[in-house]
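Working notes, structure below.
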Amino acid sequence: MDEDDLKEGIKQFSREMVENINFEMQDVVPNAVDILYSLVESERVLHEDDVLFKLMELALPDDEAKRILDLLLYYAVFGIEESDQVRYIYVLVMIVKKCVLLRIIEERLVYDLL
């Protein structure tokens with residue numbers, strides 16, 4: 001296996017991911033056809049209103065555009081910028097899980113004085 005094989009594998013995986021995410025979005029919002037492809041030439045950083053506007057340009061009603069935006073966040077197509085750092089859902093989920101785990105440990109912690 002050489003570098004070209006790896007590049008080709010990543011390329012195929014990426015195409016599959018785009019197709020799968022598009023299918024998932026169409027399951028939720030049937031009018032959401034090729035949403036990811038419509039964002040290809042967008043600016044790298046977009047505000048929520050910009051994304052919603054782009055989605056509504058595709059003739060999606062406001063409520064469907066918001067559902068699609070939620071899905072784009074869920075599938076980590078978009079992240080949320082916070083303190084000059086972009087965080088994606090998988091990072092945020094890990095932070096929440098860690099906080100919950102620490103809270104559970106803290107609640108079960110017993111102090112035994114000798």
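Just so you know, all these numbers are worked out from the coordinates, no wet-lab data involved. Treat the numbers as computed from the prediction; the structure is a model and nothing was measured. Here the Cβ is made from the backbone with ideal geometry for all residues, glycine too, and neighbour counts use every protein chain on show.
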What is the set of long-range amide H partners of Arg87 at a cut-off below 5 Å, with H atoms built 1.01 Å from backbone N? Ile80, Glu81, Glu82
Check which residues have an amide H placed less than 5 Å from Val77's amide H, if you skip close sequence neighbours. none
Tell me the label-point distance for the pair Leu102, Asn22, using the 7 Å Cα-to-Cβ offset, in nm and rounded to one decimal. 4.2
Starting from region 1-63, pick out the GluC sites (Glu not before Pro) whose DSSP state is loop and whose Cβ has at most 11 other Cβ atoms within 10 Å. Glu41, Glu43
Note: Tyr88 to Glu48 extended length (0.36 nm per residue) minus current alpha-carbon separation gives 12.9 nm
